[in-house]
Amino acid sequence: MKKFFYRTILTAVLIISSVVVSGHSVQASTNPFTDVKETNSHANAIVSLYNEGIITGVTSNTYEPGKSATRGDAAVYLANALNLQNSSASNPGFKDVPTSSKYYKAIAALNKAGIVYGYGDEFRPNATLTRSQLAKMLTVGFELQQSTTTKTKFTDVNKLTDTATKKYIQTLVDYGISKGTTATTFSPNMKLTRAQLATFLYNAIEATSDDFIVIGVE
C-alpha cells in the first residue's frame, strides 16, 4: 500500500479551484511569492504545492526559484508529500542533523522508510541536490514501478556506469514525471533548482494520484 497521502477531490476543489466573482474568474489559490511570476514555467507547481502545505518559501514572500535545492529542502518537501513528517522515527545519528534541526523529523522519517541515506554519519542537508539524486528519491519514495531498462533516450544517461541511476531516471520518463533537459539529454549531474524541485515533486504526485486535482491554475 502506498505510504503517501491522497488529497480528496473536495479538498482540492476547495483549496485550488477558481471561483467566480462578478462575472470574473478569481483564483482561490494564493501566491505569496513576489519572485514567482505567472510567466514562470514552474509557477503552477510552486503555487499549487505551497497551497497544499507541501513546500515553503525561503522567506514569507520569496521562493527563490533559481536557487539550488538542498538535500534538506528536498527531504522536508518529500516528507510532507508522503505525509511522513509526523512518523515516529528513531534518530538516524547524523551528526550534522541534530534533533533541533528544521530538517530532523523529515530526514529521520525518510531514513526509517528507506528513502534517503547519508554519507556515513553525515547527511549533508545543505549540500546541493542533483537531478539524478532526486530521481532515486522520487522512485523509492512514491514506490514507482521501477524500469528494468538499462538504456534510455538520453545520451548522457547512457554514458553513466551506475545501472541503478539509469533505471531511476527512465522510471521518471515512464511515468511522465520528466522529459529531460532536451529531447536527448537529462543532465543527471546538474544541480537542481528549487523551481525544478517543485515541478518534479508536483509531477510525481500527479502521476500517482487520481485524487490530487489542481483546477484553475495556469
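I'd like the full set of residues that are buried (at least 16 other Cβ atoms within 10 Å of the Cβ) and either touching a Phe, Trp or Tyr at 6+ places or on another chain (Cβ under 8 Å) or in a loop (DSSP other than H, G, I, E, B) (or both), limited to segment 173-189.
Within segment 173-189, 175, 177, 178, 180, 186, 187, 188 qualify.
Residue check: is residue 153 assigned to a helix (DSSP H, G or I), open to solvent by 60 Å² or more (accessible area, probe 1.4 Å) and of a type in the set (Lys, Arg)?
Considered against the rule, which asks whether it is assigned to a helix (DSSP H, G or I), open to solvent by 60 Å² or more (accessible area, probe 1.4 Å) and of a type in the set (Lys, Arg), residue 153 comes out as no.
If you scan segment 73-111, which residues turn out to be surrounded by 16 or more Cβ atoms within 10 Å (Cβ to Cβ) and either charged (D, E, K, R) or touching a residue at least 40 places away in the same chain (Cβ under 8 Å) (or both)?
If the condition is that a residue be surrounded by 16 or more Cβ atoms within 10 Å (Cβ to Cβ) and either charged (D, E, K, R) or touching a residue at least 40 places away in the same chain (Cβ under 8 Å) (or both), then 73, 74, 75, 77, 78, 81, 82, 84, 96, 105 are the ones that fit.
Kindly evaluate residue 108 against the criterion of being of a type in the set (A, V, I, L, M), assigned to a helix (DSSP H, G or I) and out of contact with any helix residue (DSSP H, G or I) (no Cβ under 6 Å at 6 or more places or on another chain).
It is true that residue 108 is of a type in the set (A, V, I, L, M), assigned to a helix (DSSP H, G or I) and out of contact with any helix residue (DSSP H, G or I) (no Cβ under 6 Å at 6 or more places or on another chain).
Test each condition in (1) of a type in the set (D, E, K, R); (2) touching a Lys or Arg at 6+ places or on another chain (Cβ under 9 Å); (3) surrounded by fewer than 22 Cβ atoms within 10 Å (Cβ to Cβ); (4) closer than 16 Å to residue 71 by Cβ for residue 143 and report the one that comes out false.
Answer for residue 143: the failing condition is (4).
Do we have residue 97 as assigned to a loop (DSSP other than H, G, I, E, B) and of a type in the set (A, V, I, L, M) here?
yes
The values are calculated or read from the model by the stated rules, or taken from the named source; none is laboratory data. Here the structure is a predicted model, which is why all the values come from computation and not from measurement. Neighbour counts run over all protein chains shown; Cβ positions are idealised from the backbone, glycine included. Ligands, DNA and RNA are stripped out before the accessible areas are found, and what is left, the full protein with its side chains, is counted by its heavy atoms. Shrake-Rupley method; radii C 1.70, N 1.55, O 1.52, S 1.80 Å.
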